[in-house]
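Asker: Provided herewith is a single structure, encoded as structure tokens, for subsequent inquiry.
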Amino acid sequence: MSNWRQFVAVGLVVGMLHLTLVDVARSAEPTSLPNPATVKEQVNLFGVGAKIKVRLADGKKLNGTIEGIETSTFLVASKASSPTPVAYDQVARLKFTKETYKANGPVDAVEVRRVVAGLGVGRHIMVKTMAGDEYHGNILVIRAESFTMLPDHQTAPVQIAYDETLQTGPNMSKGAKIAIFVVAAVVVAAIVVGYHVSD
């Protein structure tokens, strides 16, 4: 196959994969401001020292570390500026900077809690525990010391302690996996057709 055909094929792969992932990300975006009480609870679960990304109702974005937690606001500190007070009712989106955790030694329960809180209730995740169990399912409840999830194809929820969690993170949905498979199949077909046309 000529170089320009290879370039076009690679471009198609990257472009279609990007569009697929953008659609998946947009589907997870909230369409209205979250409840301030929910935001406050999430900030408390993250705790002082957590690295976060905040989008405010006016569109402004802040990246930094939680430096303080108060009754109606929390403080976000960055290297470039002094701490900024953020009112809970002005937060459009709040994210912990990491979406995955994998223990490289002793389990960091605080970091696990932050990742789980960042993913949020309802999110489909994968969890591996110190007992050797692996679960795929949706988060039901997030607490200070543990979280509860409902594993796929089961009716009984499972409670998992943060200090027993070796690995966790988002589990790709079936729809996203199918979309990526379809994109890959289309690209492979285009390459094969292009190769035969060039012969």
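The values are calculated or read from the model by the stated rules, or taken from the named source; none is laboratory data. Everything numeric here is computed off the predicted structure, so don't read it as measured data. Neighbour counts are summed over all protein chains in view; Cβ atoms, including those assigned to glycine, are modelled from backbone coordinates with ideal geometry.
Asker: So, of the residues in the range 96-108 that are crowded, with 16+ Cβ neighbours inside 10 Å and outside any loop (DSSP other than H, G, I, E, B), which turns out to be nearest to the chain's Cα centre (by Cα)? Reasoning before the result, please.
Answerer: Narrowing the range 96-108 to residues crowded, with 16+ Cβ neighbours inside 10 Å: 96, 101, 107-108.
Subsequent filtering for residues that are outside any loop (DSSP other than H, G, I, E, B) retains 96, 101.
Numbers: F96: 8, Y101: 11 Å.
Filtering the range 96-108 for residues that are crowded, with 16+ Cβ neighbours inside 10 Å and outside any loop (DSSP other than H, G, I, E, B), the one nearest to the chain's Cα centre (by Cα) comes out as F96.
Asker: So how many residues does the range 113-144 have that are of a type in the set (D, E, K, R), in contact with a strand residue (DSSP E or B) (Cβ under 6 Å, 6 or more places away or on another chain) and in a loop (DSSP other than H, G, I, E, B)?
Answerer: Residues flagged as of a type in the set (D, E, K, R), in contact with a strand residue (DSSP E or B) (Cβ under 6 Å, 6 or more places away or on another chain) and in a loop (DSSP other than H, G, I, E, B) within the range 113-144 amount to 1.
Asker: On the given criteria, is P170 within 29 Å of P34 (Cα to Cα), surrounded by fewer than 18 Cβ atoms within 10 Å (Cβ to Cβ), modelled with pLDDT of 95 or more and within 13 Å of the chain's Cα centre (by Cα)?
Answerer: yes
Asker: Those residues that are polar (S, T, N, Q) and either farther than 18 Å from P34 by Cα or not in a loop (DSSP other than H, G, I, E, B) (or both), I need them from the range 52-88; list them, please.
Answerer: Scanning the range 52-88 gives N63, T65, T73, S78, S81, S82, T84.
Asker: OK, next. So which of V54, V43, V116 ends up being touching a residue at least 24 places away in the same chain (Cβ under 8 Å), of a type outside the set (F, W, Y) and assigned by TED's automatic domain parsing to the domain that holds P170? Reasoning before the result, please.
Answerer: Values: V54 fails: assigned by TED's automatic domain parsing to the domain that holds P170; V43 fails: assigned by TED's automatic domain parsing to the domain that holds P170.
Criteria check complete, one pass: V116.
Asker: Assuming V54 fulfils every condition listed in (1) touching a strand residue (DSSP E or B) at 6+ places or on another chain (Cβ under 9 Å); (2) surrounded by fewer than 16 Cβ atoms within 10 Å (Cβ to Cβ); (3) at pLDDT 50 or above apart from one, which condition is it?
Answerer: Of (1) touching a strand residue (DSSP E or B) at 6+ places or on another chain (Cβ under 9 Å); (2) surrounded by fewer than 16 Cβ atoms within 10 Å (Cβ to Cβ); (3) at pLDDT 50 or above, only one is false for V54: (2).
Asker: May I pose another question? Hey, can you tell me all the residues within the range 123-160 that are small (G, A, S) and either within 18 Å of F46 (Cβ to Cβ) or at pLDDT below 95 (or both)?
Answerer: First pass over the range 123-160, keeping only residues small (G, A, S): 131-132, 137, 144, 146, 156.
Residues satisfying the conditions are A144, S146.
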